[in-house]
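Just so it is clear, none of the values below were taken in a lab; they were calculated from the coordinates. Being a predicted model, the structure only gives us computed values, none of them experimental.
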Amino acid sequence: MGQRFMRRRAALLGGLGAVAAMGVAGSQWLAHAQGSPRAGTQVNPNTIFRDPGDPVLGNPNGSLTIAEFFDYRCPFCVRMHPLLNRLLQEDRDIRLVIKEWPVFGGASVTAAKVALAANWQGRFVPVHEALFEHGRALDEAKVRAAAEKAGMDMARLDSDLSGRATDLQASLGRVSMQANALGLQGTPAYVVGPYLVPGAMTYDTLLQVVA
């Protein structure tokens, strides 16, 4: 609690920069861009933070939830990945919700589906890490190699990609609708508690947002 209080104090003194505040109205959130309401953007926070199709990292019972909208081939997402890992190591009170949003298409879509299927096998974390190792160079062959390297049951993976294709597409579709409702323009983007933070940031800024 003391650490979070100090971070909050630092954030108030330093300002939150590009953070876009989201006002709460009943059970819905109204997104704002730099403090100005964005018309027509209303999202129930439970659809973002509690979608059963989304993998969750960090502390599943953490008091602060962060939702990360990302693409494995996005260079800025690749830059943010180790910073988020560091944050989860240093602050054990954070619940990170993974939002697979493959805006780059092609191999990004395949990677997102494989990652979601990995979650069904209890192998999400190693697959997630293996996919991020390739960044922009990720292609279809490297997606499969990453899954195999991470210890996935490849026969079950192929079965799930085929037999549960509707579930996978529905999960990606929900994330896409959420991103559109929030007015996101690309990856990465983060919903941190009641704040919408578009784009990459430094670790110090990330700590300010968390505070």
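Please list, ordered by chain and number, the residues whose modelled amide H lies under 5 Å from the amide H of F70; skip anything fewer than 5 residues away on the same chain.
Here the answer is K99, W101, since their amide H atoms fall under 5 Å of that of F70.
Between the range 153-211 and the range 46-76, how many Å separate their Cα centres?
6
Could you pull out every residue, at least 5 positions away or on a different chain, whose amide H is within less than 5 Å of the one on I94? Hs are placed 1.01 Å off N in the peptide plane, and Pro or chain starts have none.
Counting only residues 5 or more places away or on other chains, the set is N59.
Whole-Hz Karplus ³J(HN,Hα) for the range 138-152, in order, using 6.51 cos²θ - 1.76 cosθ + 1.60 and θ = phi - 60°, x for Gly and Pro?
Going residue by residue, I get 5, 9, 4, 5, 6, 4, 5, 5, 5, 5, 5, 4, 7, x, 6 Hz, with x marking Gly and Pro.
Restricting to Cα atoms and excluding each atom paired with itself, what does the Kirkwood estimate give for the range 122-171 in Å? Provide the component values of the computation, followed by the final result.
Working: mean 1/r = 0.0871 Å⁻¹.
By the Kirkwood definition, the hydrodynamic radius is 11.5 Å.
Let me check against my output: what whole-number percent is the relative contact order of the range 66-208, with C-alpha pairs under 8 Å and at least 6 apart?
Values: 176 pairs, mean separation 48.5, N = 143.
After rounding, I find 34 percent.
Return the sequence-ordered ³J(HN,Hα) values of the range 180-186 in whole Hz as given by the Karplus equation 6.51 cos²θ - 1.76 cosθ + 1.60 applied to θ = phi - 60°, using x for Gly and Pro.
With the stated coefficients, the range 180-186 comes to 5, 5, 7, x, 5, 9, x Hz.
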